[in-house]
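Asks: Here it is, the structure, as structure tokens.
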Amino acid sequence: MIDAAPEIGRPAGRHLRLDTFVRLRWLALTGQSAAVVGAQFGLGLNLPFGWCFLVIMASCWLNLALRIRFPASYRLSDDSAALLLAFDIVQLAALLFLTGGLQNPFSLLFLAPVLISATALPPERTLALGLLAVGLATLLALVHRPLPWFADGRIELPFLYVSGVWTAILLGTAFTGVYAWRVAEETRQLAQALAATELVLAREQHLSQLDGLAAAAAHELGTPLGTIMVVAKELDRLLGPTATPEVAEDLALLRDQVARCRGILSKLTSLGEDNEEGEGFLQTVTFGHIVEELVAPQRALGIAVAVTKQGEGPEPVCRRNPGVMFGLANIVDNAVDFADSRVEIEARWTLERVWLTIRDDGPGFPSEVLLRAGEPYVTTRSRKGGARAAEAGGDAVGAGLGLGLFIAKTLIERSGAQLVLSNLTGAEEHGALVRVSWARHIFERDVIAAQPVAHNSLRPLPERDAAPI
């Protein structure tokens with residue numbers, strides 16, 4: 001369907017899971033709570049205990065809200081991840097303000113959010129977070145509550161020492177940020193190069209297999225077709241003028257159809273060549289044609305499948321991607337399996353985006369599937385059968401490995417799409433809803449890129465630098 005994929009330098013898999021941030025923050029909050037309790041009750045230091053725990057509880061509330069609002073498999077955008085890390089820096093600065101500012105030895109923890117950003121976010125986000133950390137460290141060097149100390153005395157460290165701590169934070173932020181980003185970037189580039197190599201090798205292997213099958217089919221069918229042609233010509237010669245008009249017409253039709261079969265076999269053997277006519281017919285499809293291709297196998301299964309198509313401007317056209325077609329077909333199959341009586345498929349497009357929405361009137365997704373959508377070994381087979389399973393009457397219903405949704409989601413998102421799973425929540429509605437959306441320029445990218453070449457009178461060289469998914 002769509003050969004377009006996320007840019008090599010910015011793969012979708014680089015986005016971190018929200019669950020990672022939540023777990024790391026729980027670890028940090030545990031350490032902060034232990035430090036405050038240990039200093040207050042273990043060492044007997046006079047801390048503003050209530051204010052400190054109010055600052056810690058702010059992070060706890062945010063963690064709980066994120067856990068309730070989003071599933072565990074949700075992946076953060078760059079801006080969202082940067083905002084969460086910025087909140088951690090501000091929360092740490094507030095806690096240090098209450099406990100001595102840069103005189104507090106835990107002030108070096110300013111480096112942690114910047115280090116996380118350097119390994120997962122683009123350099124501009126890391127730079128912004130580094131400037132925020134250094135700016136708050138500068139403010140804490142000048143304005144802060146006294147460093148908590150024992151009841152019988154008060155300690156005030158020299159400003160030269162505080163300046164040294166500030167310098168250490170500044171240099172540590174710069175060094176660890178650049179170093180971590182460099183190491184992480186080299187690791188990402190190596191992983192992307194290996195992935196691209198595997199994709200190219202797999203594509204070439206598939207093309208070689210298809211070429212071999214086409215050549216074998218042409219060779220095996222060529223002999224009987226040649227025999228049929230010889231027999232038809234011999235019959236025409238023997239009957240000659242004595243043949244009735246009907247027989248002569250049938251013989252002519254037989255020769256024409258044999259010639260047509262030979263032409264089709266000739267096209268099959270030349271699929272690997274740059275044949276503009278064959279390439280356009282076999283690889284370029286409209287959005288509506290994709291939907292009809294997905295729905296056609298489901299028409300005779302006893303479940304009503306309603307299709308609606310509407311949009312602004314011309315209908316989107318894309319390049320066929322077997323992987324995405326497989327993923328979408330898997331989702332449609334699940335919808336038909338679990339539907340009680342009806343499945344609705346809606347195709348919509350605007351000048352900016354393309355949507356495909358699939359909804360059924362079945363029981364909907366189980367809660368564990370929605371929480372861990374996209375992870376392997378999470379099965380949607382939560383009830384005894386669906387429409388097709390009930391008809392089959394087999395005992396293996398519900399015995400799936402839970403890989404179908406994982407594979408479908410992976411293949412679809414590799415094309416640059418966003419996939420959202422949810423349940424219908426209306427008063428008179430029930431069932432599952434899956435929405436797949438693309439930015440239109442990504443959906444049509446390869447088709448648009450190929451249009452200027454189509455009018456070139458010279459025969460273009462085949463592309464070898466692209467690795468479509």
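Asks: What is the gain in length, in nm to one decimal, between Arg23 and Gln257 on full extension, counting 0.36 nm per residue of separation less the C-alpha to C-alpha distance?
Replies: Numbers: separation 234, 0.36 × 234 = 84.24 nm, distance 6.81 nm.
That works out to 77.4 nm of additional length.
Asks: Order these peptides, 118-124, 56-62, 234-240, by their mean beta-carbon neighbour count within 10 angstrom, highest first. Let's see the in-between values first.
Replies: On the way: 118-124: 18.4, 56-62: 14.7, 234-240: 11.7.
Descending mean neighbour count gives 118-124, 56-62, 234-240.
Asks: Here's something else I'd like to know. For a quick protection proxy, order the peptides 226-233, 290-297 by their average other-Cβ count within 10 Å, most packed first.
Replies: Top of the packing list down: 290-297, 226-233.
A short reminder: the numbers here are calculations on the coordinates, not readings from a lab. These figures come from a predicted structure and were not determined experimentally. Cβ coordinates were reconstructed from backbone atoms using ideal geometry, including for glycine residues, and neighbour counts include every protein chain displayed.
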